[in-house]
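*Asks:* Let me begin by handing over the structure; questions about it come next.
The values are calculated or read from the model by the stated rules, or taken from the named source; none is laboratory data. Small disclaimer: the values here were computed from a predicted structure and weren't measured. Reconstructed Cβ throughout: ideal geometry from the backbone, glycine too, with neighbour counts over all protein chains shown.
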Amino acid sequence: MFGVTCAVAASSEECLDFLKENTADIFLLDINLGNESGFALCKRLRETYDTPILFISARQSDDDVLVALNIGGDDYIKKPYTLSVLLAKVKVQLKRLEAVKQAGTAVNKASEENFTIYPATMSCTVEGKTVSLKSKEFALLSCLYAHKNTIVTKEKLFDEVWGDSFYSDSTLNVHIRRLREKLESDPNEPKYIKTVWGTGYILETGE
């Protein structure tokens, strides 16, 4: 239906058993599962998969959203929601994955002397160190790189990376922190991804 094929698992064990013989392009997780929380399942999935994970929950607190993002979730959709909104978010993720698959390898890379990104493998090289990124992290880095050495507003990042602007600053802050922890030698004194207070961020590549 809607051009998307779905499989349903009622518990974390059913999910993991399914993945032993099948693959998935995206995971939709509820927080309240029968045998364990969706948070716990997310952590188990992240041990093996970089597949996008979208949390769907009636729990509304910012604390739950931050936990979901901090343990590897790519998005958090609060109930109630419309099917059209959910489908749009899923298709944004799937379209982004398809674009990565078609990007090619070294031929389609964007390169700098000390900073190189590779769309086909969702990775980058920073000062000789290769770093693997999750899908949302790479999408965020790619957006910053496309506008390197210029300020990218929060609104533009929300629009290009998440597909809309219905997110809090905390969502963006979590993902920026993840990138800094992977790319910067000192995340507290970033060399590449710098904050422009009240406006957005800038990726300085030294070009």
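*Asks:* Identify all residues within region 117-138 that are aliphatic (A, V, I, L, M) and either part of a helix (DSSP H, G or I) or closer than 15 Å to residue 190 by Cβ (or both); write none if there are none.
*Replies:* 120, 126, 131
*Asks:* Hey, can you tell me all the residues within region 160-206 that are among the aromatic types (Phe, Trp, Tyr) and either part of a helix (DSSP H, G or I) or out of contact with any Phe, Trp or Tyr (no Cβ under 9 Å at 6 or more places or on another chain) (or both)?
*Replies:* Result: 162, 197, 201.
*Asks:* Just the residues that are touching a strand residue (DSSP E or B) at 6+ places or on another chain (Cβ under 7 Å) and either farther than 14 Å from residue 127 by Cβ or modelled with pLDDT of 95 or more (or both), please, taken from region 194-207.
*Replies:* Across region 194-207, the qualifying residues are 194, 195, 196, 199, 200, 201, 202, 203.
*Asks:* Next up: Tell me, please, whether a residue that is under 18 Å from residue 78 (Cβ atoms) and not assigned by TED's automatic domain parsing to the domain that holds residue 175 can be found in region 14-24.
*Replies:* no
*Asks:* Among (1) part of a helix (DSSP H, G or I); (2) out of contact with any helix residue (DSSP H, G or I) (no Cβ under 8 Å at 6 or more places or on another chain), there is one condition residue 157 misses while meeting the rest; what is its number?
*Replies:* Just one mismatch for residue 157, condition (2).
*Asks:* For region 1-116, which fully contained strands (runs of 3 or more DSSP E) count at least 1 residues that are at pLDDT 85 or above, over 30 Å from residue 203 (Cα atoms) and among the basic types (Lys, Arg)?
*Replies:* 75-78
*Asks:* Only one of (1) part of a helix (DSSP H, G or I); (2) aliphatic (A, V, I, L, M); (3) over 21 Å from residue 76 (Cβ atoms) fails for residue 141. Which number is that?
*Replies:* Answer for residue 141: the failing condition is (3).
*Asks:* One residue is enough: does region 158-168 have a residue meeting the conditions farther than 19 Å from residue 54 by Cβ and not assigned by TED's automatic domain parsing to the domain that holds residue 61?
*Replies:* No - not one qualifying residue is present in region 158-168.
*Asks:* So if I check each of 34, 38, which one is of a type outside the set (A, V, I, L, M), closer than 23 Å to residue 70 by Cα and surrounded by 14 or more Cβ atoms within 10 Å (Cβ to Cβ)?
*Replies:* Sole residue among the options that is of a type outside the set (A, V, I, L, M), closer than 23 Å to residue 70 by Cα and surrounded by 14 or more Cβ atoms within 10 Å (Cβ to Cβ): 38.
*Asks:* Okay, next question. In region 63-84, what residues are β-branched (Val, Ile, Thr) and touching a residue at least 24 places away in the same chain (Cβ under 8 Å)?
*Replies:* Within region 63-84, 65, 67, 71 qualify.
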